[in-house]
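Worksheet: one structure, shown below.
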């Protein structure tokens, strides 16, 4: 069947294809996959079209379908008991009120102080190979499978408002990512505020990216980050493009912090639903990270950057996260710029839920691993 005819059948709901899909995922504003079906809710007056699916990899018809459909997904299952309990614990512990203080000092009640782990916990060495090295003054941690040689490398930037180191949940998540996808993870301990600014971080990270892209030239090289690390990963991709360096194969942004000014008015609307993030504390951390520079500079707040020439993007966000306001704004900008974005929105999930070990966290982590595994040439 010619591609043009197939595309028209997809639009009018008469096409039947075979393809794997994501259960419990709802894609909106365009044709989308959900529990073995594709729906066309984006087209007013047309009934939803069901598309049967078969096991195995996408065949040529499904690949064409995937390229036509906007990749906007929404997880809408009722929250699990574990996630409900976790959210109640967050509210009860008043983490939101005891986040980073405006002076960027640790509060005695700050949950992060107990979870901070700048180096991978020793017990994770039972599951993956872990080694450390240095690049200038920056320490680098590398996690690899014990029994295979990876051909996909993920450069991961941890979150922490640009002022905190990695935490134990970060290392557990990365260990699971290595196990599920067979990739290599490289996690730099990049410079943090208030001792450093974005300029210090980019200075060494651009040098490291050039080194990594040359030394791992045969690998698929992906960039991933959560929260502040997601903003850093997107900003670095813009810097790499602007500097004319080799681009990543893809960007995976997990609950990304895209605008340190936190000026989107919708943030205040979502704030009462977020048990975790403190808006004023984030603004203070953002000012420290900018270091006197314009906080809307794309390397500081990549929401304001040009989207042309970026690698394919995958963005995961929860609806009980104040950062969803800017994530949705970014989605609109990507649609307007025709950027290649897959947008995953999870109903009732809090900030960085994919790092946690309840049902929805494991589902999101597995989806992230599947995206990474898709770049493994041995699976082609």
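Results, tabulated for the structure shown:
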read-out: Whole-Å distance, taken between Cα centres, linking region 361-380 and region 166-201; value: 18 Å
read-out: Estimated distance in nm for a label pair at residue 93 and residue 293, the labels positioned 7 Å out from Cα along Cα-to-Cβ; value: 3.3 nm
read-out: Simple label model, 7 Å out from Cα along Cβ direction - residue 116 to residue 134, nm; value: 2.1 nm
read-out: Region 341-380: radius of gyration over Cα atoms, expressed as a fraction of 2.2 N^0.38 Å; value: 1.34
read-out: Where labels lie 7 Å past Cα in the beta-carbon direction, separation of residue 273 and residue 207 in nm; value: 4.5 nm
read-out: Under 15 Å from the residue 78 label point (7 Å along Cα→beta-carbon), backbone N, region 343-380; value: 348
read-out: Mean shadow area of region 242-380, taken as a quarter of the surface of its Cα convex hull (nm²); value: 9.8 nm²
read-out: For region 271-346 versus region 208-253, the gap between their alpha-carbon centres in whole angstrom; value: 17 Å
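Every number here is computed from the coordinates shown, using simple stated rules; none is lab data. This one's a predicted model, so the numbers in the text were calculated from it and none came from an experiment. Ideal geometry is used to build each Cβ from the backbone, glycine not excepted, and the neighbour counts take in all protein chains shown.
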